[in-house]
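The values are calculated or read from the model by the stated rules, or taken from the named source; none is laboratory data. Source: prediction; values computed, not measured. Here the Cβ positions follow ideal geometry from the backbone for every residue, glycine too, while neighbour counts run over all protein chains shown.
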Amino acid sequence: MIEGLIAAVVGVLFGVGGTITYERRRLLAGKSKAEKEIAAAERKASDIVLKAKDEALELENDRRKEWKKTESRLADREAALVTKLDELDKRSEKLRKQEDEVEELKQEIREIRTRQQDKLEKIAGLKKAEAKDKLMQMTEHDIKNDLVGLVSKLQKDAVDDAEERAQTILVSAMERMASEVTAERTVTAIKLTDDEMKGRIIGKEGRNIQALQRATGVDILVDDTPGMIVLSSFDPIRRQVARLALEMLMKDGRIHPGRIEEVVAKAEKQIEKEIIRAGEDAAREVGVAGIPKDMLQLLGELKFRTSYGQNVLLHSTEMAHMAGLIAAEIGADVRITKIATLLHDVGKAVTHKVEGKHHHIGAELARKAGMDERIVHAIEAHHDDIEATTPEALVVRVCDALSAARPGARNISAENFVERMRDLENIATSFQGIDKAYAISAGREIRVIVSPKAVDDLSAIKLARDIATKIESTMQYPGTIKVNVIRETRAIEFAK
């Protein structure tokens, strides 16, 4: 048993020794491998360091080359600057010499003039101051009457110039703001897609068209014009609602009384949005803010209203632009003037609902909206039944006449404008001695060019008066017409 125990102990010792030997060998092998890896890493690191050194040297060489190029350029520029400075110094020196020469010449001229003045005083026996006083006395005595006439003429010319300048301001504003004309009447026409659509719009026993007329308040005519439906109403808002509703129904294809009421309600909402947007756009275009929403909505309704074929909203917007130009020229309040002109016809939006003249209605609406009293007065006084007592009100009245009377603004003016211009030119050319005649400034001036051989200066004055008299007696026109007779004499000779 002891022998077995000893044998076991010896076996364990041999096993432990073998394990220790194995571990020692493994450690030695790992150490050798680690040393090899360390050596390889050192070699790799050495290669990297050498490569970095080479790149650094190469970069340093490139930089040195760039520095040399930069130094060379700087040296060239420095040399050029030195050359320019030398040239400037030479020019400065030359200018100084020339200035000295000029100053010497000036001094010499002064001395010559002084000597000449002394000689003249000795010859005339008068000093310079005495000669000046005597000359003034003689001149005053000779031209005193002429001076009185000249002052009177200048005063008259000043008045004439003031009137002409006022006309120029008005005509210039009118010409600058010439805009398009929208000529709508009391009817609106809609084109049908086909004949079948007409029957669907009429409906069985006319129930669809009757529903449309009840919902919109517009007379609908389907048999007057082939391929067209005519909407008739004095209320342009209703016509627009009916037009939009019909277009939506024709596009959708479902047409019956229930659908008609639904579409008309939707069209009314769209037209209401368009009205509000039109009023806001007009105020934004003119460049004014702070107008109450109720007044902006009434202003937007003017988009669908016309007066003598002239769109009322465009007329009001055009007036506001012109009023701003004129108010700035004469020193009136530009903002008050613009707002008053923009809203001057706002009463026309409710004339079918409220009795009275549109300018009184518009003024009352502005007053209820809490607007400035100057705006209210300018709206109410833009027609002749109330006296305009402020510059802003006068500007509104003038711009209303300008916008309405501007050629092409209204159908009646557009039709007669060319004829009136032709009549003006025919009246002028009917006199003897006239070469050419031109009607300009929108018919506010007739420019007549006469033959200088047939008409002298005095005859030109009489001719202008005769033409003006004939225009007054034979034509009807707003405002005044300027007759401008031009007589030109040219003297031509040739040097040989």
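Which of the following residues is loosely packed, with under 12 Cβ neighbours inside 10 Å, closer than 16 Å to Asp423 by Cβ, in contact (Cβ under 8 Å) with a residue 24 or more places away in the chain and assigned by TED's automatic domain parsing to the domain that holds Arg420: Thr469, Thr474?
When all the criteria are applied, what remains is Thr474.
Report whether or not Arg239 is free of Cβ contacts under 8 Å to residues at least 24 places away in the same chain and among the basic types (Lys, Arg).
Spelling it out, it is not the case that Arg239 is free of Cβ contacts under 8 Å to residues at least 24 places away in the same chain and among the basic types (Lys, Arg).
Residues to consider are Gly290, Gly279; find the one that is within 22 Å of Arg367 (Cβ to Cβ), of a type outside the set (A, V, I, L, M) and not in a helix (DSSP H, G or I).
Criteria check complete, one pass: Gly290.
Picking from Val376, Val346, Val398, Val312, which residue would you name as being aliphatic (A, V, I, L, M), touching a helix residue (DSSP H, G or I) at 6+ places or on another chain (Cβ under 6 Å) and under 30 Å from Met421 (Cβ atoms)?
Val312
Please find, within the stretch 291-320, the residue that is farthest from Glu272 (Cα to Cα) out of those that are surrounded by fewer than 21 Cβ atoms within 10 Å (Cβ to Cβ) and of a type outside the set (A, V, I, L, M, F, W, C).
Once the filter is applied, the top-ranked residue is Tyr308.
Given the condition modelled with pLDDT under 80, within 31 Å of the chain's Cα centre (by Cα) and among the hydroxyl-bearing types (Ser, Thr, Tyr), answer yes or no: does some residue in the stretch 384-404 qualify?
Yes, because at least one residue in the stretch 384-404 is modelled with pLDDT under 80, within 31 Å of the chain's Cα centre (by Cα) and among the hydroxyl-bearing types (Ser, Thr, Tyr).
For Lys353, which of the numbered conditions (1) assigned to a helix (DSSP H, G or I); (2) charged (D, E, K, R); (3) surrounded by fewer than 23 Cβ atoms within 10 Å (Cβ to Cβ) fails to hold?
For Lys353, the failing item is (1).
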